[in-house]
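Working notes for the structure below.
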Amino acid sequence: MISRTLSADSQSIILLCSHLGLPRQARSGPIPLSVGEWNELAGRLKASQWKRPRLLLGRTAEELRAELAIDATLAERLHTLLRRSGQVSIELEQLVDRGIWALTRVDANYPERLKRRLGPQRPPVLFGAGPLELLSTPGIAMVGSRDLDPGGEAFARAFAGRCAEAAVAVISGGARGADRVSMLGALEAGGLAIGVLADSLEQTLRDHDAAHFIREGRLVLITPYHPAAGFSVGNAMGRNKLLYCLADVALVISSAEGKGGTWAGAIENARHMWVPLFVRDEAGAPAGNRALVSRGGLPLSPVDLPTRETLIPDLLARAGGAEGRRGPAVAEDDVEQTSAASLQMRPAESTNGAEPDPDPSDLFSLVWPRIEPFLAEPRTEQDVAAAFGLELAQAKAWLARAAAESRAHSLPKRPRRYQRLAARLL
(Lines give C-alpha, C1' and ligand atoms only; values in the text may rest on other atoms or scores of the structure.)
Protein backbone atom coordinates (compact mmCIF):
# COMPACT_ATOMS: atom_id res chain seq x y z
CA MET A 1 0.00 0.00 0.00
CA ILE A 2 1.27 3.46 -0.90
CA SER A 3 -0.87 5.50 1.47
CA ARG A 4 -4.02 4.86 3.46
CA THR A 5 -5.45 8.17 2.27
CA LEU A 6 -5.11 7.41 -1.44
CA SER A 7 -7.51 5.12 -3.24
CA ALA A 8 -5.95 2.13 -4.99
CA ASP A 9 -6.98 3.67 -8.33
CA SER A 10 -5.07 6.85 -7.47
CA GLN A 11 -2.06 4.81 -6.35
CA SER A 12 -1.96 3.08 -9.71
CA ILE A 13 -2.11 6.37 -11.64
CA ILE A 14 0.66 7.93 -9.53
CA LEU A 15 2.88 4.90 -10.12
CA LEU A 16 2.29 5.04 -13.86
CA CYS A 17 2.22 8.79 -14.52
CA SER A 18 4.57 10.51 -12.05
CA HIS A 19 8.30 10.63 -11.43
CA LEU A 20 7.93 9.93 -7.72
CA GLY A 21 10.37 7.27 -6.56
CA LEU A 22 12.58 7.59 -9.64
CA PRO A 23 16.20 8.84 -9.63
CA ARG A 24 16.28 12.60 -10.14
CA GLN A 25 18.82 12.56 -12.97
CA ALA A 26 17.99 9.13 -14.37
CA ARG A 27 19.33 8.50 -17.88
CA SER A 28 17.82 5.03 -18.08
CA GLY A 29 15.05 3.07 -16.45
CA PRO A 30 11.27 3.37 -16.70
CA ILE A 31 9.75 6.54 -18.14
CA PRO A 32 6.34 7.50 -16.69
CA LEU A 33 3.41 7.65 -19.09
CA SER A 34 2.61 10.90 -20.83
CA VAL A 35 -0.95 12.25 -20.87
CA GLY A 36 -1.53 10.70 -24.29
CA GLU A 37 -0.09 7.35 -23.26
CA TRP A 38 -2.25 7.28 -20.13
CA ASN A 39 -5.34 8.05 -22.21
CA GLU A 40 -4.50 5.19 -24.55
CA LEU A 41 -3.90 2.80 -21.68
CA ALA A 42 -7.08 3.91 -19.88
CA GLY A 43 -9.08 3.18 -23.03
CA ARG A 44 -7.62 -0.31 -23.21
CA LEU A 45 -8.27 -0.81 -19.51
CA LYS A 46 -11.89 0.20 -19.89
CA ALA A 47 -12.30 -2.30 -22.74
CA SER A 48 -10.72 -5.08 -20.68
CA GLN A 49 -12.20 -7.24 -17.93
CA TRP A 50 -10.31 -5.27 -15.28
CA LYS A 51 -11.92 -1.85 -15.88
CA ARG A 52 -10.30 -0.10 -12.91
CA PRO A 53 -6.71 1.25 -12.58
CA ARG A 54 -6.34 -0.51 -9.22
CA LEU A 55 -6.58 -3.89 -10.92
CA LEU A 56 -3.29 -3.21 -12.70
CA LEU A 57 -1.45 -3.48 -9.38
CA GLY A 58 0.38 -6.75 -8.76
CA ARG A 59 0.08 -8.00 -12.33
CA THR A 60 2.92 -9.66 -14.17
CA ALA A 61 4.17 -8.23 -17.46
CA GLU A 62 2.64 -11.18 -19.29
CA GLU A 63 -0.75 -10.63 -17.64
CA LEU A 64 -0.64 -6.95 -18.64
CA ARG A 65 0.31 -7.82 -22.21
CA ALA A 66 -2.43 -10.39 -22.64
CA GLU A 67 -5.32 -8.55 -20.99
CA LEU A 68 -4.61 -5.09 -22.42
CA ALA A 69 -3.52 -6.30 -25.88
CA ILE A 70 -0.24 -4.38 -25.76
CA ASP A 71 3.24 -5.30 -26.93
CA ALA A 72 5.78 -6.92 -24.66
CA THR A 73 7.96 -3.80 -24.40
CA LEU A 74 5.11 -1.64 -23.10
CA ALA A 75 3.93 -4.41 -20.78
CA GLU A 76 7.38 -4.64 -19.21
CA ARG A 77 7.53 -0.85 -18.86
CA LEU A 78 4.17 -0.82 -17.06
CA HIS A 79 5.21 -3.69 -14.84
CA THR A 80 8.43 -1.89 -13.86
CA LEU A 81 6.57 1.33 -13.05
CA LEU A 82 3.90 -0.45 -11.01
CA ARG A 83 6.29 -2.47 -8.86
CA ARG A 84 8.11 0.56 -7.38
CA SER A 85 5.40 1.16 -4.77
CA GLY A 86 7.90 0.94 -1.90
CA GLN A 87 9.96 3.91 -3.10
CA VAL A 88 6.83 5.90 -3.96
CA SER A 89 5.30 5.19 -0.56
CA ILE A 90 8.33 6.65 1.20
CA GLU A 91 8.31 9.78 -0.96
CA LEU A 92 4.58 10.31 -0.55
CA GLU A 93 4.88 10.09 3.22
CA GLN A 94 7.62 12.71 3.09
CA LEU A 95 5.32 14.93 1.04
CA VAL A 96 2.53 14.54 3.59
CA ASP A 97 4.85 15.59 6.39
CA ARG A 98 5.81 18.70 4.44
CA GLY A 99 2.26 19.75 3.64
CA ILE A 100 2.18 18.61 -0.01
CA TRP A 101 -0.77 16.64 -1.30
CA ALA A 102 -1.32 14.58 -4.45
CA LEU A 103 -4.51 14.43 -6.49
CA THR A 104 -5.34 12.29 -9.52
CA ARG A 105 -7.93 12.36 -12.27
CA VAL A 106 -10.02 9.69 -10.57
CA ASP A 107 -10.45 11.70 -7.37
CA ALA A 108 -13.86 13.34 -6.96
CA ASN A 109 -12.28 16.64 -5.88
CA TYR A 110 -10.14 16.98 -9.00
CA PRO A 111 -10.92 20.52 -10.29
CA GLU A 112 -14.14 20.46 -12.29
CA ARG A 113 -13.01 23.27 -14.57
CA LEU A 114 -9.97 21.30 -15.69
CA LYS A 115 -12.18 18.30 -16.44
CA ARG A 116 -14.64 20.39 -18.43
CA ARG A 117 -12.21 22.53 -20.38
CA LEU A 118 -9.26 20.20 -20.91
CA GLY A 119 -11.06 16.87 -21.00
CA PRO A 120 -8.55 14.07 -21.70
CA GLN A 121 -5.67 16.58 -21.87
CA ARG A 122 -5.88 17.40 -18.16
CA PRO A 123 -2.90 16.23 -16.08
CA PRO A 124 -3.28 12.72 -14.64
CA VAL A 125 -1.60 13.86 -11.39
CA LEU A 126 -1.49 17.22 -9.59
CA PHE A 127 0.65 18.08 -6.58
CA GLY A 128 -0.13 20.99 -4.32
CA ALA A 129 -0.17 22.68 -0.94
CA GLY A 130 -2.99 24.64 0.63
CA PRO A 131 -6.79 24.34 0.67
CA LEU A 132 -8.15 22.36 -2.28
CA GLU A 133 -11.48 24.18 -2.15
CA LEU A 134 -9.83 27.37 -3.44
CA LEU A 135 -9.46 25.65 -6.83
CA SER A 136 -13.24 25.89 -7.22
CA THR A 137 -13.64 29.51 -6.16
CA PRO A 138 -14.37 32.30 -8.72
CA GLY A 139 -11.07 33.49 -10.10
CA ILE A 140 -9.30 35.72 -12.60
CA ALA A 141 -6.03 34.67 -14.22
CA MET A 142 -3.53 37.54 -14.12
CA VAL A 143 -0.46 36.92 -16.28
CA GLY A 144 2.42 38.94 -17.62
CA SER A 145 6.10 39.29 -18.33
CA ARG A 146 8.90 39.03 -15.80
CA ASP A 147 10.12 42.49 -16.81
CA LEU A 148 7.25 44.65 -15.60
CA ASP A 149 7.12 48.40 -16.21
CA PRO A 150 6.04 50.74 -13.36
CA GLY A 151 2.64 51.35 -14.96
CA GLY A 152 2.06 47.62 -15.24
CA GLU A 153 2.98 47.10 -11.59
CA ALA A 154 0.54 49.80 -10.47
CA PHE A 155 -2.21 48.36 -12.68
CA ALA A 156 -1.61 44.80 -11.41
CA ARG A 157 -1.76 45.90 -7.76
CA ALA A 158 -4.92 47.93 -8.30
CA PHE A 159 -6.71 45.11 -10.11
CA ALA A 160 -5.52 42.50 -7.60
CA GLY A 161 -6.85 44.71 -4.80
CA ARG A 162 -10.21 44.88 -6.56
CA CYS A 163 -10.20 41.08 -6.75
CA ALA A 164 -9.51 40.86 -3.01
CA GLU A 165 -12.45 43.16 -2.27
CA ALA A 166 -14.72 40.97 -4.40
CA ALA A 167 -13.50 37.67 -2.83
CA VAL A 168 -12.29 36.62 -6.29
CA ALA A 169 -9.06 34.60 -6.37
CA VAL A 170 -6.12 35.84 -8.40
CA ILE A 171 -4.71 32.93 -10.42
CA SER A 172 -1.14 33.29 -11.59
CA GLY A 173 2.16 31.53 -12.08
CA GLY A 174 4.15 32.90 -9.17
CA ALA A 175 7.12 33.94 -11.33
CA ARG A 176 9.01 37.18 -10.85
CA GLY A 177 7.29 40.20 -12.38
CA ALA A 178 3.59 40.45 -13.17
CA ASP A 179 2.70 37.05 -11.71
CA ARG A 180 4.21 37.68 -8.30
CA VAL A 181 3.01 41.29 -8.08
CA SER A 182 -0.55 40.18 -8.87
CA MET A 183 -0.63 37.35 -6.34
CA LEU A 184 0.99 39.37 -3.55
CA GLY A 185 -1.27 42.32 -4.34
CA ALA A 186 -4.31 40.14 -3.70
CA LEU A 187 -2.92 38.40 -0.63
CA GLU A 188 -1.63 41.58 1.02
CA ALA A 189 -5.08 43.12 0.50
CA GLY A 190 -6.65 40.22 2.40
CA GLY A 191 -7.71 38.27 -0.68
CA LEU A 192 -7.20 34.82 -2.19
CA ALA A 193 -4.66 33.46 -4.65
CA ILE A 194 -3.97 30.31 -6.65
CA GLY A 195 -0.42 29.73 -7.86
CA VAL A 196 0.10 27.33 -10.78
CA LEU A 197 3.82 26.68 -10.70
CA ALA A 198 6.29 25.82 -13.44
CA ASP A 199 9.08 25.90 -10.85
CA SER A 200 9.79 23.88 -7.73
CA LEU A 201 6.82 23.63 -5.38
CA GLU A 202 9.14 22.58 -2.57
CA GLN A 203 11.30 25.66 -3.05
CA THR A 204 8.28 27.96 -3.12
CA LEU A 205 7.04 26.49 0.15
CA ARG A 206 10.29 27.55 1.81
CA ASP A 207 9.26 31.15 1.32
CA HIS A 208 8.00 32.57 4.62
CA ASP A 209 5.17 34.57 3.00
CA ALA A 210 3.90 31.59 1.00
CA ALA A 211 3.84 29.36 4.08
CA HIS A 212 2.05 32.09 6.06
CA PHE A 213 -0.70 32.60 3.48
CA ILE A 214 -1.19 28.83 3.12
CA ARG A 215 -1.62 28.50 6.90
CA GLU A 216 -4.23 31.27 6.76
CA GLY A 217 -6.13 29.27 4.12
CA ARG A 218 -5.87 32.03 1.50
CA LEU A 219 -3.30 30.52 -0.87
CA VAL A 220 -3.12 27.22 -2.72
CA LEU A 221 -0.17 26.22 -4.88
CA ILE A 222 -0.40 23.48 -7.51
CA THR A 223 1.84 21.97 -10.15
CA PRO A 224 1.45 19.14 -12.68
CA TYR A 225 5.19 18.41 -12.26
CA HIS A 226 7.20 16.72 -9.56
CA PRO A 227 7.31 18.98 -6.46
CA ALA A 228 11.10 19.35 -6.83
CA ALA A 229 11.20 19.92 -10.59
CA GLY A 230 13.00 23.13 -11.53
CA PHE A 231 11.89 25.72 -14.04
CA SER A 232 12.02 25.07 -17.79
CA VAL A 233 10.41 26.74 -20.78
CA GLY A 234 8.52 23.53 -21.50
CA ASN A 235 7.11 23.39 -17.98
CA ALA A 236 5.97 27.01 -18.24
CA MET A 237 4.30 26.37 -21.58
CA GLY A 238 2.60 23.25 -20.24
CA ARG A 239 1.21 24.89 -17.12
CA ASN A 240 -0.21 27.92 -19.01
CA LYS A 241 -3.37 26.06 -19.92
CA LEU A 242 -4.06 25.32 -16.24
CA LEU A 243 -3.92 29.04 -15.39
CA TYR A 244 -6.58 29.85 -17.94
CA CYS A 245 -8.75 26.81 -17.37
CA LEU A 246 -9.06 27.38 -13.61
CA ALA A 247 -10.29 30.95 -14.18
CA ASP A 248 -13.53 32.67 -15.16
CA VAL A 249 -11.69 35.47 -17.01
CA ALA A 250 -8.06 36.20 -17.89
CA LEU A 251 -6.12 39.47 -17.88
CA VAL A 252 -2.74 40.10 -19.53
CA ILE A 253 -0.78 42.78 -17.65
CA SER A 254 2.19 42.90 -20.02
CA SER A 255 3.44 40.82 -22.93
CA ALA A 256 6.24 40.86 -25.44
CA GLU A 257 5.05 40.62 -29.02
CA GLY A 258 5.27 37.25 -30.68
CA LYS A 259 7.46 35.53 -28.09
CA GLY A 260 7.57 34.41 -24.49
CA GLY A 261 5.31 32.37 -22.27
CA THR A 262 2.73 35.13 -21.72
CA TRP A 263 2.22 35.59 -25.45
CA ALA A 264 2.08 31.84 -26.11
CA GLY A 265 -0.43 31.27 -23.32
CA ALA A 266 -2.69 34.10 -24.48
CA ILE A 267 -2.66 32.83 -28.06
CA GLU A 268 -3.36 29.27 -26.91
CA ASN A 269 -6.32 30.50 -24.86
CA ALA A 270 -7.65 32.45 -27.84
CA ARG A 271 -7.35 29.38 -30.04
CA HIS A 272 -9.24 27.16 -27.60
CA MET A 273 -11.60 29.91 -26.35
CA TRP A 274 -11.34 28.74 -22.77
CA VAL A 275 -12.09 32.10 -21.15
CA PRO A 276 -12.50 35.74 -22.27
CA LEU A 277 -9.14 37.51 -22.48
CA PHE A 278 -8.68 41.12 -21.36
CA VAL A 279 -5.51 43.08 -21.98
CA ARG A 280 -4.17 46.08 -20.07
CA ASP A 281 -4.57 49.09 -22.34
CA GLU A 282 -2.85 52.34 -21.38
CA ALA A 283 0.02 54.57 -22.41
CA GLY A 284 3.31 52.81 -21.77
CA ALA A 285 1.92 49.28 -22.15
CA PRO A 286 4.28 47.08 -24.21
CA ALA A 287 3.79 46.40 -27.91
CA GLY A 288 2.67 42.84 -27.19
CA ASN A 289 -0.41 44.18 -25.40
CA ARG A 290 -1.46 46.17 -28.47
CA ALA A 291 -0.82 43.15 -30.68
CA LEU A 292 -3.03 40.97 -28.48
CA VAL A 293 -5.83 43.55 -28.67
CA SER A 294 -5.50 43.53 -32.47
CA ARG A 295 -5.95 39.75 -32.31
CA GLY A 296 -9.21 40.00 -30.38
CA GLY A 297 -8.11 40.67 -26.80
CA LEU A 298 -10.46 43.03 -24.97
CA PRO A 299 -8.80 46.29 -23.84
CA LEU A 300 -9.05 47.25 -20.18
CA SER A 301 -7.75 50.59 -18.92
CA PRO A 302 -6.99 51.64 -15.32
CA VAL A 303 -9.97 54.02 -15.33
CA ASP A 304 -12.31 51.32 -16.59
CA LEU A 305 -12.02 48.69 -13.86
CA PRO A 306 -15.31 47.11 -12.75
CA THR A 307 -16.51 47.64 -9.21
CA ARG A 308 -15.96 44.91 -6.65
CA GLU A 309 -19.69 44.06 -6.55
CA THR A 310 -19.81 43.26 -10.26
CA LEU A 311 -16.23 42.31 -11.05
CA ILE A 312 -16.63 39.01 -12.87
CA PRO A 313 -20.23 39.57 -14.11
CA ASP A 314 -19.21 42.93 -15.58
CA LEU A 315 -16.16 41.48 -17.36
CA LEU A 316 -18.20 38.58 -18.72
CA ALA A 317 -20.86 41.01 -19.93
CA ARG A 318 -18.21 43.07 -21.73
CA ALA A 319 -17.01 39.89 -23.39
CA GLY A 320 -20.51 39.15 -24.65
CA GLY A 321 -21.58 36.98 -21.74
CA ALA A 322 -19.38 34.11 -22.85
CA GLU A 323 -17.48 32.04 -20.32
CA GLY A 324 -15.46 30.69 -23.20
CA ARG A 325 -16.27 27.73 -25.37
CA ARG A 326 -16.65 24.51 -23.50
CA GLY A 327 -13.54 22.39 -23.69
CA PRO A 328 -13.51 18.82 -24.94
CA ALA A 329 -16.00 16.53 -23.26
CA VAL A 330 -14.69 14.75 -20.20
CA ALA A 331 -13.53 11.34 -21.26
CA GLU A 332 -14.55 8.34 -19.24
CA ASP A 333 -11.00 7.06 -19.59
CA ASP A 334 -10.31 7.07 -15.87
CA VAL A 335 -13.74 5.85 -14.77
CA GLU A 336 -14.14 9.16 -12.92
CA GLN A 337 -15.02 9.94 -9.33
CA THR A 338 -13.91 6.75 -7.62
CA SER A 339 -12.93 8.47 -4.41
CA ALA A 340 -12.95 11.85 -2.72
CA ALA A 341 -9.66 10.98 -1.07
CA SER A 342 -6.43 12.70 -2.06
CA LEU A 343 -3.14 12.63 -0.25
CA GLN A 344 -3.96 14.74 2.80
CA MET A 345 -1.77 17.50 4.13
CA ARG A 346 -0.29 19.75 6.74
CA PRO A 347 1.54 23.01 5.85
CA ALA A 348 5.20 23.32 4.61
CA GLU A 349 8.17 21.80 2.50
CA SER A 350 9.91 19.32 -0.01
CA THR A 351 11.34 16.23 -1.83
CA ASN A 352 13.26 15.11 -4.92
CA GLY A 353 12.57 14.28 -8.56
CA ALA A 354 12.07 15.60 -12.04
CA GLU A 355 9.31 15.69 -14.60
CA PRO A 356 9.61 15.71 -18.41
CA ASP A 357 8.66 18.74 -20.40
CA PRO A 358 5.15 18.53 -21.86
CA ASP A 359 4.63 17.77 -25.52
CA PRO A 360 4.97 21.15 -27.33
CA SER A 361 3.23 20.05 -30.52
CA ASP A 362 -0.07 21.77 -29.71
CA LEU A 363 1.71 25.11 -30.16
CA PHE A 364 3.46 24.10 -33.37
CA SER A 365 1.00 25.76 -35.73
CA LEU A 366 1.48 29.03 -33.85
CA VAL A 367 5.27 29.08 -33.76
CA TRP A 368 6.04 27.57 -37.17
CA PRO A 369 5.36 30.80 -39.12
CA ARG A 370 8.13 32.42 -37.06
CA ILE A 371 10.58 29.53 -37.25
CA GLU A 372 10.13 28.93 -40.97
CA PRO A 373 11.82 32.16 -42.17
CA PHE A 374 14.78 31.40 -39.90
CA LEU A 375 15.25 28.14 -41.82
CA ALA A 376 15.84 29.91 -45.13
CA GLU A 377 19.43 28.87 -44.43
CA PRO A 378 20.34 25.46 -42.97
CA ARG A 379 20.18 25.57 -39.14
CA THR A 380 21.03 23.08 -36.43
CA GLU A 381 18.68 22.18 -33.60
CA GLN A 382 20.95 24.18 -31.28
CA ASP A 383 20.67 27.21 -33.59
CA VAL A 384 16.87 27.14 -33.39
CA ALA A 385 16.85 26.64 -29.62
CA ALA A 386 19.19 29.59 -29.08
CA ALA A 387 17.41 31.91 -31.54
CA PHE A 388 13.95 31.39 -30.02
CA GLY A 389 14.85 30.84 -26.36
CA LEU A 390 13.69 27.21 -26.38
CA GLU A 391 14.73 24.11 -24.50
CA LEU A 392 16.76 21.92 -26.88
CA ALA A 393 14.24 19.08 -26.53
CA GLN A 394 11.44 21.42 -27.60
CA ALA A 395 13.40 22.63 -30.64
CA LYS A 396 14.11 19.03 -31.62
CA ALA A 397 10.44 18.08 -31.31
CA TRP A 398 9.23 20.98 -33.47
CA LEU A 399 11.90 20.39 -36.15
CA ALA A 400 11.12 16.69 -36.27
CA ARG A 401 7.45 17.50 -36.79
CA ALA A 402 8.31 20.02 -39.51
CA ALA A 403 10.28 17.33 -41.33
CA ALA A 404 7.51 14.73 -40.87
CA GLU A 405 4.94 17.15 -42.32
CA SER A 406 7.21 18.05 -45.28
CA ARG A 407 7.59 21.63 -44.10
CA ALA A 408 11.35 21.30 -43.68
CA HIS A 409 14.11 19.03 -44.94
CA SER A 410 16.67 17.34 -42.70
CA LEU A 411 20.04 17.61 -44.45
CA PRO A 412 22.15 14.43 -44.45
CA LYS A 413 25.49 15.86 -43.23
CA ARG A 414 26.48 16.10 -39.56
CA PRO A 415 25.68 17.99 -37.46
CA ARG A 416 22.04 17.57 -38.40
CA ARG A 417 20.66 20.72 -39.98
CA TYR A 418 17.19 21.69 -41.14
CA GLN A 419 16.09 23.95 -43.98
CA ARG A 420 12.59 24.98 -44.89
CA LEU A 421 11.28 23.01 -47.83
CA ALA A 422 10.37 26.07 -49.90
CA ALA A 423 13.95 27.32 -49.74
CA ARG A 424 15.38 23.91 -50.71
CA LEU A 425 13.23 23.73 -53.83
CA LEU A 426 14.25 27.16 -55.17
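The values are calculated or read from the model by the stated rules, or taken from the named source; none is laboratory data. Bear in mind that the values here come from a model prediction, so they are computed numbers and not experimental data. FYI the Cβ positions are ideal-geometry reconstructions off the backbone, even for glycines, and counts take in every protein chain you see.
Structure above, values below:
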{"read-out": "Inter-residue pairs, beta-carbon under 9 Å, first in the same structural domain as ARG116 (by TED's automatic domain parsing) and in region 267-289, second of a type in the set (Lys, Arg) and buried (at least 24 other Cβ atoms within 10 Å of the Cβ), 6+ apart", "value": "GLU268/LYS241; ASN269/LYS241; HIS272/ARG117; HIS272/LYS241; TRP274/ARG117; TRP274/LYS241; VAL275/ARG117; ASN289/ARG280"}
{"read-out": "Residue pairs meeting the criteria (Cβ under 6 Å; at least 6 apart or on separate chains; first on the phi > 0 side of the Ramachandran plot, in region 96-109; second surrounded by 19 or more Cβ atoms within 10 Å (Cβ to Cβ) and part of a loop (DSSP other than H, G, I, E, B))", "value": "GLY99/MET345"}
{"read-out": "Selection count, region 71-104, where residues are more than 29 Å from the chain's Cα centre (by Cα) and among the aliphatic types (A, V, I, L, M)", "value": "1"}
{"read-out": "For ALA283: the one exception among (1) in a loop (DSSP other than H, G, I, E, B); (2) at negative phi; (3) in contact with an Asp or Glu (Cβ under 7 Å, 6 or more places away or on another chain)", "value": "(3)"}
{"read-out": "Residue match in region 290-309 (condition: part of a strand (DSSP E or B), touching a helix residue (DSSP H, G or I) at 6+ places or on another chain (Cβ under 7 Å) and surrounded by fewer than 24 Cβ atoms within 10 Å (Cβ to Cβ))", "value": "yes"}
{"read-out": "GLU188 vs. criteria charged (D, E, K, R), farther than 20 Å from ASP304 by Cβ and over 22 Å from the mean Cα position of the chain (by Cα)", "value": "yes"}
{"read-out": "Counted residues, region 160-174 - those being crowded, with 24+ Cβ neighbours inside 10 Å and out of contact with any Leu (no Cβ under 6 Å at 6 or more places or on another chain)", "value": "5"}
{"read-out": "LEU118 being part of a loop (DSSP other than H, G, I, E, B), in the same structural domain as PRO276 (by TED's automatic domain parsing) and touching a helix residue (DSSP H, G or I) at 6+ places or on another chain (Cβ under 8 Å)", "value": "no"}
{"read-out": "In region 85-115, residue modelled with the highest pLDDT [restricted to those that are closer than 18 Å to ALA229 by Cβ and part of a loop (DSSP other than H, G, I, E, B)]", "value": "ILE100"}
{"read-out": "Residue in region 179-190 that is under 25 Å from LEU114 (Cα atoms), in a helix (DSSP H, G or I) and small (Gly, Ala, Ser) present", "value": "yes"}
{"read-out": "Failed item, numbered, when HIS212 is tested on (1) touching a residue at least 24 places away in the same chain (Cβ under 8 Å); (2) more than 24 Å from THR104 (Cβ to Cβ); (3) surrounded by fewer than 24 Cβ atoms within 10 Å (Cβ to Cβ)", "value": "(1)"}
{"read-out": "Search result, residues across region 123-153 that are under 14 Å from LEU300 (Cβ atoms) and among the small types (Gly, Ala, Ser)", "value": "ALA141, GLY144, GLY151, GLY152"}
{"read-out": "Odd one out for ILE140 among (1) surrounded by fewer than 24 Cβ atoms within 10 Å (Cβ to Cβ); (2) at pLDDT 95 or above", "value": "(1)"}
{"read-out": "Of the criteria (1) touching a helix residue (DSSP H, G or I) at 6+ places or on another chain (Cβ under 8 Å); (2) part of a helix (DSSP H, G or I); (3) over 18 Å from ASP9 (Cα atoms); (4) not acidic (Asp, Glu), which one LEU81 fails", "value": "(3)"}
{"read-out": "The listed residue being touching a Leu at 6+ places or on another chain (Cβ under 8 Å) and either aromatic (Phe, Trp, Tyr) or not assigned by TED's automatic domain parsing to the domain that holds GLU391 (or both), out of HIS208, HIS212, HIS226", "value": "HIS226"}
{"read-out": "Filter result (part of a helix (DSSP H, G or I) and either at pLDDT 95 or above or not assigned by TED's automatic domain parsing to the domain that holds GLN121 (or both)) within region 244-265", "value": "TYR244, CYS245"}
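Conditions (1) outside any loop (DSSP other than H, G, I, E, B); (2) modelled with pLDDT of 95 or more, marked per residue:
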{"residue": "MET1", "(1), (2)": "no, no"}
{"residue": "GLN11", "(1), (2)": "yes, no"}
{"residue": "LEU15", "(1), (2)": "yes, yes"}
{"residue": "LEU22", "(1), (2)": "no, no"}
{"residue": "ILE31", "(1), (2)": "no, no"}
{"residue": "ASN39", "(1), (2)": "yes, no"}
{"residue": "GLY43", "(1), (2)": "yes, no"}
{"residue": "TRP50", "(1), (2)": "no, yes"}
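Each row is one residue, and each column tells you yes or no for (1) surrounded by fewer than 14 Cβ atoms within 10 Å (Cβ to Cβ); (2) under 30 Å from PRO131 (Cβ atoms); (3) in contact with a Ser or Thr (Cβ under 9 Å, 6 or more places away or on another chain).
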position	(1), (2), (3)
SER10	no, yes, yes
LYS51	yes, no, no
ASP71	yes, no, no
HIS79	no, no, yes
